[in-house]
Amino acid sequence: MNSRANPAIEFVQWPINAQLENIGFDDKVLALQTTRVSPNNISGDDNTVYKNFNLGLHVGDCAKQVEHNRQCLQKLLPSKTRIQWLEQVHGNAVAEILKVTKQVIIADAMVTREKNIALAIMTADCLPILLISKQGDEIAAIHGGWRPLAVNIITHTLNKMHTAADEIYAWLGPCIGKKAFEVGSEVQKAFIEQGRIFSQAFRKQENGKYFANLHKIATLQLNDLGIKHISTLPECTYSQPEKYYSYRKNAITGRMATVITLL
């Protein structure tokens, strides 16, 4: 999808396995990752901590500006497609979306098999995860912060899907990196209790805390569930403040969106 490249937008590159198997997702799904940079300068609020392309209505930004930004994002999608947003609470609830609604949906993941519905996950350090069936007829979007991952948000999402795990392709987006995400021992313990293999995702520091690797945690969980086809955009939101929002770096900040829709 990089033929539609935009300096403000990352179009999702599916696993190399898909290319080798000639599955051809390009005509089945559109998926993209926003940054804090305004696409084509169509949004211009450059004077606040939220500059320029904040998509979160809950972070203290001007609601009118956020709605404008969301409309700009909408224009990047097919004309009949509408975006479904969530109220994310760092849990493991998964919503099955049959039609787009403005009613509040409290969940941290979504699944759909319907066209003209764009599933949107908002992040500012947490890990966005996208899933697509090999047939290109079912998709999911997951808010993969450490808390949702610790309570098995990926498992709960797969339980809502009709596709077998070995027929699913996954994409992991930008998040706070393994050299920046310092956590307490309680976080490390929460995953070690799931299996000793998760020790690979933590590096202990002299102060007794750990650096955690969200990409590694999610990959281990995906593999354990039978999902082997995984690609990543392993960029660190914390260390690239001009490109990404980072809640860990700036508690008052905007949100990016990771969006996927069936074509």
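Derivation of every value follows stated rules applied to the coordinates shown; laboratory data play no part. Remember, predicted model here, so these are calculated numbers, not experimental data. Ideal geometry is used to build each Cβ from the backbone, glycine not excepted, and the neighbour counts take in all protein chains shown.
Largest GNM mean-square fluctuation among 102, 216, 160, using the chain with Cα springs under 10 Å: 102.
Output the pairs from 178/204; 28/178; 115/243 with a Cα-Cα distance over 22 Å in this structure; if there are none, say none. Before the final figure, lay out each step's value.
Details: 178/204 12 Å; 28/178 33 Å; 115/243 30 Å.
Table pairs above 22 Å Cα-Cα are 28/178; 115/243.
For the chain, averaging the sequence separation of C-alpha pairs within contact (under 8 Å, six or more residues apart) and dividing by the residue count gives a relative contact order of 25 percent. Applying D = kT/(6 pi eta Rh) to region 82-125, where Rh is the Kirkwood radius over alpha-carbon pairs, T corresponds to 10 °C and eta to 1.306 mPa s, the Stokes-Einstein value obtained is 148 µm²/s. Over all pairs of different C-alpha atoms in region 39-139, the reciprocal of the mean inverse distance, the Kirkwood hydrodynamic radius, equals 14.9 Å.
Here the Kirkwood formula, the inverse mean of 1/r across different C-alpha pairs, assigns region 115-178 a hydrodynamic radius of 12.4 Å. Considering only 229, 252, 240, the residue lying farthest towards the positive end of the dipole of region 223-262 is 252, judged by Cα position with unit charges set on Cβ. Think of each Lys and Arg Cβ as +1 and each Asp and Glu Cβ as -1; about the Cα centre, that makes the dipole of the chain roughly 280 debye.
Sorted on the mean count of surrounding Cβ atoms within 10 Å across their residues, most packed first, peptides 231-241, 185-195 read 231-241, 185-195. Using the Cβ of residue 195 as centre and a radius below 15 Å, the other residues enclosed give a net charge of +1, where K and R count +1 and D and E count -1. Between residue 116 and 262, the built amide H atoms are under 5 Å apart, and every one of these is 5 or more places off in sequence or on another chain.
Quantify how much of the Cα-Cα distance distribution of region 140-263 extends past 18 Å, in percent. Show your work: numbers first, answer last.
Values: 4236 of 7626 pairs.
Result: 56 percent of Cα pairs exceed 18 Å.
DSSP beta bridges in the chain, what fraction antiparallel, as a percent rounded to 5? Could you put the intermediate results ahead of the total?
On the way: 35 of 47 bridges.
Of all bridge pairs located within the chain, approximately 75 percent are antiparallel.
Taking only the C-alpha atoms of the chain, Rg followed by Dmax gives 17.5, 54 Å.
Each residue of region 236-251 was assigned a 3J(HN,Hα) from its phi angle through the Karplus curve 6.51 cos²θ - 1.76 cosθ + 1.60 (θ = phi - 60°); the sequence is 8, 5, 5, 8, 10, x, 7, 9, 10, 7, 9, 5, 5, 7, 9, 4 Hz, with glycine and proline shown as x.
For residue 230, the residues 5 or more places off, or on other chains, whose built amide H falls under 5 Å of its own are 170. Near the amide H of residue 175, within less than 5 Å, lie the amide hydrogens of 235, 237, all on another chain or at least 5 residues away, with H placed in the peptide plane. Sorted fewest first by neighbouring Cβ atoms within 10 angstrom, 117, 106 come out as 106, 117.
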